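The values are calculated or read from the model by the stated rules, or taken from the named source; none is laboratory data. Just so it is clear, the structure is predicted and the values come from calculations on it, not from any experiment. As a convention, Cβ positions derive from the backbone with ideal geometry for all residues, glycine included, and neighbour counts pool all protein chains shown. For accessibility, only protein heavy atoms count, side chains too; no ligands or nucleic acids. Shrake-Rupley method; radii C 1.70, N 1.55, O 1.52, S 1.80 Å.
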Amino acid sequence: MADSPQPPVRDRLGRPLGDLRISVTDRCNFRCTYCMPRAVFGRGYRFLPRAELLDFDEIVEVAAACVELGVHTIRLTGGEPLLRPGLETLVARLGALHGLADLALTTNGALLDRERAQALRAAGLRRVTVSLDALDDPTFAAMNDAGCPVSRVLDAIAACHAAGLVPVKVNMVVRRGVNEAAILPMAEHFRNTGDVLRFIEYMDVGTTNGWRREDVVGAQEILERVGARWPVEPVAPTRPGEVARRYRYLDGAGEIGVIASITQPFCTGCTRARLTPEGRLFTCLFASEGLDVRGLLRGGADRSGLRRALAQRWAQRSDRYSQLREELHQATGRVEMFRMGG
Ligand code: SAM
Ligand code: SF4
Ligand code: SF4
């Protein structure tokens with residue numbers, strides 16, 4: 001490591017590189033209205049051809065370089081990561097990286113049956129986050145726009161339990177007037193299960209979801225609604241860089257979280273880098289420019305060259321979009337969430 005900074009590398013605001021989110025595909029079997037609206041991502045939409053995706057050797061090489069620079073947690077995401085053929089092989093290879101403490105997956109759950117969950121666990125996956133926006137089919141359909149029944153996602157959560165991938169985190173994006181009535185039923189359903197429901201403020205990622213500030217249900221309001229029924233108290237973060245604020249039910253029924261990118265930005269603790277399926281490395285969810293890692297790899301960069309380029313990129317970073325949202329929201333060119341991986 002003599003030729004690059006000692007880990008963890010730090011950015012211009014003193015934030016260490018700690019987490020890497022790897023989006024393994026831009027394809028998805030859902031068309032969530034807040035992420036891939038069908039009007040834009042319909043039949044005619046051209047997803048990335050296979051040759052443009054990083055292959056597993058390339059992904060592992062980037063991940064290894066990032067771990068050498070301080071990354072302790074890797075999360076696989078997408079698009080829908082379970083659509084990437086052979087994902088278990090990638091999990092096994094990443095899981096073998098020396099120095100990696102945690103390997104997780106975010107999925108919509110539609111393809112996560114018991115066999116798949118067992119295989120992922122056997123390959124070395126440690127944790128799963130399953131996205132679910134409602135408990136009744138009509139509301140869920142209005143969010144995912146792909147007709148996936150709620151029962152299929154609940155089965156996926158059960159499959160995680162059967163495979164020992166617990167506790168499961170459950171992500172619920174809350175949209176005003178669409179699924180806000182599902183807040184209490186979701187909270188009730190996941191109380192006493194050991195799983196952790198996280199309410200996510202609807203974000204202005206990408207440029208296609210028609211985001212409006214008035215469609216956001218703020219964390220404070222969500223907490224008041226849940227707390228009025230089942231009182232909660234805050235829990236201290238378990239590690240730096242944790243994006244969800246955690247709360248525990250006073251009656252001992254477990255924990256919930258809120259991810260309040262809009263009303264309570266958490267840029268000061270942001271330690272995440274994001275790798276897109278085609279190999280661009282972004283240092284902010286809302287960035288429009290990323291480092292062309294695929295170009296470096298296919299141009300013959302070795303591990304130390306890659307590490308230097310990544311370290312340099314992180315060291316230059318001063319992103320804090322959510323803190324500056326009001327000034328920056330008009331900026332165009334942001335990359336879509338399914339590419340960036342959330
Ligand atoms: N397809 C997988 C899934 O849905 O879990 C993984 C990728 S998805 C982009 C990752 C997370 O981003 C999901 O929990 C999803 O709900 C969340 N997400 C997508 N668009 C969002 C938006 N506009 N605001 C807030 N969260 C969003
Ligand atoms: Fe697909 Fe996940 Fe985006 Fe929904 S949020 S469209 S499941 S990538
Ligand atoms: Fe991190 Fe950018 Fe989100 Fe701020 S806006 S928390 S810097 S990804």
- prompt: What is the helix-to-structure angle for 303-316, meaning the angle in degrees between its Cα long axis and the longest Cα principal axis of the chain, kept from 0 to 90 and rounded to the nearest 10?
  reply: 60
Cα long-axis angle, helix 219-229 against the chain (0 to 90 degrees, to the nearest 10): 40
query: What Cys residues in the chain have no fellow cysteine's beta-carbon under 4.7 angstrom?
result: C28, C66, C148, C160, C267, C270, C284
- prompt: Taking Cα centroids, how far is the stretch 114-169 from the stretch 89-112 in Å?
  reply: 15
query: For the chain, what is one quarter of the convex hull surface built on the Cα atoms, given in nm²?
result: 16.3
- request: Could you tell me the accessible area of Y249 in Å² (1.4 Å probe, neighbours in place), rounded to the nearest ten?
  value: 10
field: Whole-number accessible area per residue in Å² for the stretch 1-79, which is evaluated in the context of all protein chains at 1.4 Å
entry: 43
query: With no solvent and one point per C-alpha, what does the Debye sum give as log10 I(q)/I(0) for the stretch 72-144 at q = 0.11, 0.15, 0.23, 0.28 Å⁻¹?
result: -0.30, -0.53, -1.02, -1.35
- prompt: Within the stretch 234-291, which GluC sites (Glu not before Pro) sit in a loop by DSSP and count at most 11 neighbouring Cβ atoms inside 10 Å?
  reply: E289
query: Of all DSSP beta bridges located in the chain, what percent are antiparallel, nearest 5?
result: 30
message: Test of the criteria: in the stretch 41-81, which trypsin sites (Lys or Arg not before Pro) are in a DSSP loop and have at most 14 other Cβ atoms within 10 angstrom of their Cβ?
response: R43, R46
